[in-house]
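Take a look at the structure set out below.
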Amino acid sequence: MQGKRSYMSLESEIFMEFIALGAAAYLLGSIPSAVWIGKLLYGVDVREHGSGNAGTTNVLRVLGAKAAIPVFAVDTLKGLLAVLAAYLVPGVDRSAEFFGVVKIACGLLAVVGHMYPVFAGFRGGKGVATTLGVAIAIQPVGALVALGVFAAVFAATRYVSLGSLCAGLSFPPVVIFLLREPKLSIRIFVIFACLLLFYTHRKNIRRLLSGTEPKTSFKKKS
């Protein structure tokens, strides 16, 4: 009985640590870099300008590359660190499929935090950069290939949204078929990440189809 109690106590302790980890991942994702950098350094709430989105692209359009670069870096780092934080939980078999699920869950909670940040009235961005950070931590080769697809499409068209959509669309087949990812949790994640990207860009898709989607340069609007 004593051994059983100790086992249950350990399981309960690990469960509570995972709950705390998930909450921390959400709070990390909730750091609204676009909002804070815009307000503190430029006196501008980017959500009141341009597309109204608190993300890198809108910051680039409204405030320029000097503001957009640190926003992109912070937002990407949020996703990366949220996944890596799973390694802080002791007593877990890191080779097990369950640990992979925990890492992905932490990453997705950071993305949710970015989209609905508690520190900025739950008005955030679309989660592209944060999802990239998660992808780099989960499947770095596939993430870099997708990033290369984005760069190529954006360079050719100057549409950030189209580059993001093409990158997201390339992610699952690259990971599943080209890289032959063996873990089911990661295969599900790359498909979900692609679907989430298309969902958050549904307005952009309509504008692309109608020819009204604005192109992006590295100069802020005057």
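What follows is calculated from the coordinates using simple rules that are stated; it is not laboratory data. From a predicted model like this one, the values you see are computed outputs, not experimental measurements. Please note: Cβ atoms are built from the backbone with ideal geometry, for glycine as well, and neighbour counts cover all protein chains shown.
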*Please give the length that would be gained between V141 and Y87 if that part of the chain were fully extended, namely 0.36 nm times their separation in residues minus their C-alpha to C-alpha distance (nm, one decimal).*
17.4 nm
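So how do 208-214, 36-42, 25-31 stack up, highest first, on mean other-Cβ count within 10 Å?
Most protected by this proxy first, the peptides run 25-31, 36-42, 208-214.
Roughly speaking, what is the stretch gain from S217 to I19, that is 0.36 nm per residue apart minus the C-alpha to C-alpha distance, in nm to one decimal?
Extending this stretch completely gives an extra 67.1 nm.
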*About the Cα centre of the chain, how large is the charge dipole given +1 on each Lys and Arg Cβ and -1 on each Asp and Glu Cβ? Please answer in debye to the nearest 20.*
880 debye
_Can you compute the equivalent ellipsoid semi-axes for segment 142-199, i.e. the square root of 5 times each eigenvalue of the Cα gyration tensor, sorted largest first and rounded to whole Å?_
22, 12, 6
*Work out the charge dipole of the chain with +1 on the Cβ of Lys and Arg and -1 on the Cβ of Asp and Glu about the Cα centre, then indicate which of T130, F98, A85 is farthest towards its positive end.*
T130
_For a quick check of your reading of the filter: which trypsin sites (Lys or Arg not before Pro) in segment 117-173 sit in a DSSP loop and have no more than 12 other Cβ atoms within 10 Å?_
none
*Please give the contour-minus-distance gain from K203 to I188: 0.36 nm per residue of separation, less the Cα-Cα distance, rounded to one decimal in nm.*
2.9 nm
*Can you pull a Stokes-Einstein diffusion coefficient for segment 9-79 at 10 °C (1.306 mPa s), Rh from Kirkwood over Cα pairs, as a whole number of µm²/s?*
119 µm²/s
*Can you tell me which of 129-142, 85-98 comes out highest on packing, and rank the rest after it, using the mean Cβ neighbours within 10 Å?*
129-142, 85-98
_Zone residues, segment 194-215, relative to Y42, backbone N less than 19 Å from point 7 Å out along Cα-to-Cβ_ = 214-215
*How much of the calculated P(r) for the chain lies past 34 Å, in percent of all Cα pairs?*
18 percent
_P(r) histogram, all alpha-carbon pairs of segment 65-188 included - 5 Å bins from 0, percent_ = 2, 11, 18, 22, 21, 14, 8, 3, 1, 0
*Can you find, among L179, L195, L162, the residue farthest towards the positive end of the dipole of segment 153-222? Put +1 on the C-beta of Lys and Arg, -1 on that of Asp and Glu.*
L162
*In what sequence, highest mean first, do 173-180, 100-107 appear when ranked by Cβ atoms within 10 angstrom?*
100-107, 173-180
*Return the distance in nm (one decimal) between the two label points of a simple spin-label model at L179 and A73, each offset 7 Å from Cα along Cα→Cβ.*
2.5 nm
_Run lengths n ≥ 4 of DSSP H only: what is the helix-derived mean residue ellipticity at 222 nm for the chain, with -39500 (n - 2.57) per run over all residues, to the nearest 500?_
-23000 deg cm²/dmol
